[in-house]
Each structure stands twice: as C-alpha cells, then as structure tokens.
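This report concerns only the one structure given below.
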Amino acid sequence: MKTIRKILVLVIAFASLMSILSLGACAKKDSGKTKVGVSMPTQSLQRWNQDGAYLKEKLEAAGYEVELQFANNEINQQVSQIENMITNKCDVLIIAAVDGDSLVNVLADAKKEEIEVIAYDRLIMKSDAVSYYATFDNYMVGTIQGEFIEKTLDLENAAGPFNMEVFAGSPDDNNARFFYQGAYDVLSPYIDSGKLVVVSGQKDFETCAITSWKTETAQSRMDDLLTANYATGTKLDVVLSPNDSIAIGITNALENSGDFTPGTNWPIITGQDCDIPNMKNIIAGKQSMSIFKDTRTLADQTVKMVNSIVKGEKVDVNDTETYDNGITVVPTYLCTPVFGDINNYKELLIDSGYYTEDQLK
Ligand code: BGC
C-alpha cells in the first residue's frame, strides 16, 4: 500500500512539473506575474521607440512581465505579433495600431480569451474588443497648431493675404482627422474671408493626407506644390504640417528648391512630437513649433489603466463621448499636449530630463 502511495505522489509531482514547464513564455503561472503585451507600430519614428521603451520600463517596475513588439509599419506583422501575444497568454494588450481598421479579427480572438485591450495613442476602429483608449487630446493638438499660425501672422489684425499650403496625416490613423479638424476650425474663417489663401487650392483632408506619415511622400508632394505654384517667386507664408515626420519632408523640399532661406523668406512650419531632428530644425530656424507629447505621461497613464484593470478597480477616464470607433464609444483618458518652440524648448525638454542638451546639438 505504502509503495503504491509513493508511486502516486511521484506521478503527481512529475505531472505538475511537466505542466509548469510546458506553459507558454508569458503564462501567469510561469512567473507568477501578470503578462502585458505591448504592440507598437514601428521603430522608424523616434516617438514609438520612446513609447515602447517607457511602457516596458514602467510596466516592469510595476511588477508585470512584458512582451514588447514593433511591427515595422506592416499590418500583417502587427496582426501576427498580436496573435502570438494571445497564444502566449498575455492578460492585457496595449496596442498602437499600424492601421486602425485592420485589427478586428485578431481582437475578436483576444476577446474570446478575455484579454483586455487598451488602444494606445491611436484608436482601434470597428472592434468591440477595445476596453479603453489612452491618448493625447488630438483635437487640441490641431487647435494649438492653428492658433500658433493665427497668432504668428496676426490674422485677426493684419491685412494679408497670406499664402498657405496644407498637409494632413495618414488616412488610416483616426488621429489624423482630429489634428486636421482642430487646426482647420481655427483657420477656416480666414480661408473663407480670403485672408489666408491656399494657392494650390488643395485643402481637403483626403487631398492633403500623407499615407503612413512618410517623410519621403511629404517631400515629393511639397516638391510638386512648389514647382506648380511657387516657382515664379510667389511668396509662401505658412505650411500647416500635422507632425514632425511630415515637417521634415516639407523642410527638405524647401531646402532642395534653393528658393527659401531661413530668417528671410522661410515659411512658418508647424509640427508635432518634438522629435530630435525637428528640435534641431527649430533651433536652426527651419521649423517654427512642435507639440510636446511627453511619452512618459502617456505611459504612466496607461500603466495606471493596467493596474486598475488587473485589480478589477474602476479605470480612470476623462472622456466618454468623443472616441466612437464605429461600434462603441471607447472610454478614454486624454493627456494634455504642450506647445513647444525655440523659446521654451530648454525648459520643456532639457530641464525635464526628456533630452540632454547634447542630443539637440
Ligand atoms: C501620433 C503622432 C505621430 C503620428 C506618426 C500619430 O498617431 O499621434 O504623434 O506623429 O502618429 O507616427
């Protein structure tokens, strides 16, 4: 009898050992930790590297196990990375979508596994599997850009007319329309009154949109706009750019044309993200402003969301109306974007420890 009991104990011990060893890399029982999958769109833009790095650091500091992936701006790659995160039994997913419309099926799988999904920075569309959204106030980003142009040209008082060209972000990114609309709502009265003239006539979102926010595409569109509308010395006062990667394309085209010189006839150019090359351009007088979206703030807020989800507590949100993804209005936490230019960048970016002075040299 004793021998049988011993054999039984050994068999049970062996079986439990095997089951522990065969668990996926991220199974909770494996490490005793809750696992969070973080899916970022690309490493080719500075901001997403920072977002990924801060999220990983802060989640790990809060005691989570983290699987971080970048999708090379490829929809299929992001889908298969998320599939792996589901197979690997992640408990929560944080996703900044490459294409907001393309995650419907994979997130249906996540929902079946009762995995909570946080849309990070970009809203995920047409899916009921998105639990929360953490982002910056995207409309306010556009408002700040529009108000900067209004103030710098003194549109309320100056006679004008001023010549402008308009760029918009990627059409597959829900944020892009918010940026565009925020700026356009400030500027459109001046366009309507003729004080601001879009010389090319290209001003609707679709015509001005730059797919995937690509610098090269922005550069070639700006090349075309310059050749068609400004080759005979027509003054260009302002280019509305929704973000920094597009601003770099615009700046390159202006430089290559040989017709524009900073400090003399260089146009006002807006931006967003405070990327390092753009801050250098701001210092050199080739870009007028950017928007600081401190990735540390967004990462902190997202980690707070994860904590509340995991503990089953109420998740802190401050917008339950704006972000309708076509299926549901996603409860959102909006962080505040901050204006940055040559006058405040030191305080904003260097004193806050975001960059070192050397990085901007
Ligand atoms: C982000 C911007 C960024 C852009 C391009 C948007 O979704 O909100 O900060 O510049 O994507 O990556």
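The values are calculated or read from the model by the stated rules, or taken from the named source; none is laboratory data. Bear in mind the structure is a predicted one, so any value in this text is a computation, not a measurement. Cβ atoms come from the backbone with ideal geometry, glycine included; neighbour counts cover every protein chain shown. All accessible areas refer to the heavy atoms of the entire protein, side chains included, with ligands and DNA or RNA removed. Shrake-Rupley method; radii C 1.70, N 1.55, O 1.52, S 1.80 Å.
General remarks:
- Carbon/sulfur fraction of accessible area - the chain, other protein chains in place, 1.4 Å, %: 51
- In the structure shown, the pairs LYS111/LYS214; LYS89/LYS293; LYS58/LYS311; LYS56/LYS286 are assessed against 24 Å; a Cα-Cα span above that value is assigned to LYS111/LYS214; LYS89/LYS293; LYS56/LYS286.
- Taking amide H positions as modeled 1.01 Å from N, with prolines and chain starts lacking one, the residues under 5 Å from GLY326 and 5 or more places away or on another chain are LYS126.
- Per residue, the chain reaches -13500 deg cm²/dmol at 222 nm when only DSSP H runs of four or more residues are counted, each adding -39500 (n - 2.57).
- Taken one residue at a time, the phi angles of the range 91-96 give Karplus couplings (6.51, -1.76, 1.60, θ = phi - 60°) of 8, 9, 10, 10, 10, 9 Hz. Gly and Pro are set to x.
- Extension gain from ILE75 to GLU321, taking 0.36 nm per residue of separation minus the Cα-Cα distance: 85.8 nm
- Approximating the spin labels as points 7 Å out from Cα along Cα→Cβ, the SER220-to-TYR355 distance works out to 2.9 nm.
- 5 angstrom amide H check on VAL117, placed H, neighbours 5+ away: LEU93, SER131, TYR132
- Amide H contacts of TYR333 (H built 1.01 Å from N, under 5 Å, at least 5 apart or other chain): TYR133, ALA134, THR135, ASN318
- Summed over the residues of the range 138-293 and divided among them, the accessible surface reaches 37 Å² per residue at a probe radius of 1.4 Å.
- Cβ-Cβ FRET estimate between THR232 and GLU255, R0 fixed at 22 Å, reported to 0.05: 0.70
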